[in-house]
Structure formats: C-alpha cells, structure tokens
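Worksheet: the structure to be examined is printed underneath.
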Amino acid sequence: MTLQEINKRWTAYKTEYRVDSPVMIEEIRFDAAKGAESSFDVTELFTEHYILHLSDKFPLYRGEYIDFILCHEFTHLADFLTHPYSYNVVGKVYNYMNTWSEYHASRRCLGMVLKSAFSGAIDPEKSVIPQPFKDISLRKLINDTLGHAGAALEEFRHTGNQQVYRFFFRYLMYLMGYLSHFENAKDILSYCLSFLKLEEEMFLPLYQALLAGEARDIIPFFDKIMKALQ
C-alpha cells in the first residue's frame, strides 16, 4: 500500500464526511506498536507531522479490513484537525482524543460496514465484520471488546496502574461506539456493565453525553470514573 493510495482514500473520506482541511498524510511507517494495527501519534500531529503508523503485516490484510481500520484512523485524524481546543491546551486535546475520538472512530467505522452490508434492523449474528483474514459476526466483535475491557478493568482494580485504566477506558469507548448502532443499545449496555460489575449510574450518563456529541461534556468522565474505581 503506497502513500498515494492512502491519500486517495483519505481524500475520499474528507469528501464523504465533509472534513474541511487541506492536510494530507505525509508518510506511512510500518512500525505500529506491538498489538496495534495502526495509529497516529498525537505528539507528531501537534508538530504538524501527519504520519500514519501501520503494522508491518498491514499490506497482507484483506481489502475490507483495511477499509475498516483506515476509516477508524481517518476519523482520529479528522477529530484532531477539528478539535475544539486551543493548541496550547495539550492535556485537553489528549483527553479529547482518548475519550470522544475513540468512541467516534469506532462508531463511524462500524457504521461504514453496516451501511455497506445491509439496511434494516441489526442482526448481530448475520452482520459481517471484516478482520485481517476472515469475517466475524458483530456479536463476536462486541463480545471480544467486552472481554478486553473486562481484562483491563480487572488488572486496574488489582494494580491501580493508570496506563491500564487508559486501556480499559479505550475499550469502553469502542464498546459504546459499536452499541450506539442498536435501537436497544441501553439494554445491551446495561448487560455489559453488569458483566463488568459496574454501576450504571456513572456510565449511562457518559453514554448519553457521547450520543449528544458534546466532547467537552465527555472528558470529565475519564478522571471521575478512574477515581470511583480506585
């Protein structure tokens, strides 16, 4: 996959989602962190270095999965380019990218798949979600995400490690982004929170804030929830 191909897809994304920015991706590096498929480094974005980091296996993946991942990463880049903070408020932008943008990217990339797959009510068994070398069901995607969230939460409860908490919160944002496509999302979310042994009172308001799309209302939940879990 060449830089020209990536930028062609990025240009199409900007047109589709009305991203008003002249920014183009300047470099691809096949050096994504272990366990990650792709990323933009926010520190690099702050210095206007628009570098897309990909797994070294990325060129081997199926086209559908590449589209799925790129939609997620393009949403992160678009969110950064349109973030509602001054560039000197670094901490706020980092929190914005780790909260609202994770939800937004997950919601949008799944929406792209569902839109291309079918119309009508969502069937989590029949909805096909691309993965590197095969498809999985939407139910499996949600169950896997819930499992990762649960493992990170359990580790955080034992260690209090803030980096582990970030992993938990990221998976929580993924989960809420995916569930937002369901008409009965609140019921499914309630089940997921019960599975994680979490009280609904703090998490349902977070979900409502995510649906409302007010990024500034979402960020305070990050620290508030971490303190409540300690």
Q) Looking at (1) in a helix (DSSP H, G or I); (2) in contact (Cβ under 8 Å) with a residue 12 or more places away in the chain; (3) surrounded by 13 or more Cβ atoms within 10 Å (Cβ to Cβ), which is the only condition R216 fails? A) (3)
(Q) With the requirement that a residue be assigned to a helix (DSSP H, G or I), of a type in the set (V, I, T) and at pLDDT 95 or above, what does the stretch 1-47 give you? (A) I6, T11, T15
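Just a yes or no: is a residue in the stretch 193-215 under 25 Å from R62 (Cα atoms) and modelled with pLDDT of 95 or more?
No.
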Q: Take G147 and decide whether it is surrounded by fewer than 14 Cβ atoms within 10 Å (Cβ to Cβ), in contact (Cβ under 8 Å) with a residue 24 or more places away in the chain and not acidic (D, E).
A: no
Q) Does K115 satisfy the condition of being outside the structural domain of E214 (by TED's automatic domain parsing), without any contact (Cβ under 8 Å) to a residue 24 or more places away in the chain and under 19 Å from the mean Cα position of the chain (by Cα)? A) yes
Q: Can you confirm whether the stretch 172-194 contains a residue that is assigned to a strand (DSSP E or B), of a type in the set (S, T, Y), free of Cβ contacts under 8 Å to residues at least 24 places away in the same chain and surrounded by 13 or more Cβ atoms within 10 Å (Cβ to Cβ)?
A: no
Q. Just one of the numbered conditions (1) in a loop (DSSP other than H, G, I, E, B); (2) more than 19 Å from the chain's Cα centre (by Cα) is not true of P132; which one?
A. (2)
**Q.** Residue within the stretch 151-166 that is more than 18 Å from the chain's Cα centre (by Cα), surrounded by fewer than 21 Cβ atoms within 10 Å (Cβ to Cβ), under 26 Å from E16 (Cβ atoms) and of a type in the set (S, T, N, Q) present
**A.** no
Q.
Whether any residue in the stretch 74-86 is buried (at least 16 other Cβ atoms within 10 Å of the Cβ), more than 17 Å from the chain's Cα centre (by Cα), touching a residue at least 24 places away in the same chain (Cβ under 8 Å) and not in a loop (DSSP other than H, G, I, E, B) is what I want to check.
A. no
**Q.** Residues of the stretch 47-73 that turn out to be exposed (fewer than 14 other Cβ atoms within 10 Å of the Cβ) and touching a residue at least 40 places away in the same chain (Cβ under 8 Å), as a count
**A.** 3
Q) Is there any pair with a first residue in the stretch 92-105 that is under 16 Å from H181 (Cβ atoms) and a second that is β-branched (V, I, T) whose Cβ atoms are under 7 Å apart and which are 6 or more apart or on different chains, and what are they? A) H104/T75; A105/T75
Q: Could you grab me the full set of residues in the stretch 87-96 that are closer than 21 Å to F169 by Cα and either aromatic (F, W, Y) or surrounded by fewer than 19 Cβ atoms within 10 Å (Cβ to Cβ) (or both)?
A: V90, G91, K92, Y94, Y96
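The values are calculated or read from the model by the stated rules, or taken from the named source; none is laboratory data. Note that the coordinates shown come from a computational prediction; the quantities given were computed from them, not determined experimentally. All Cβ positions, even for glycine, are placed from backbone atoms using ideal geometry, and neighbour counts span all protein chains on display.
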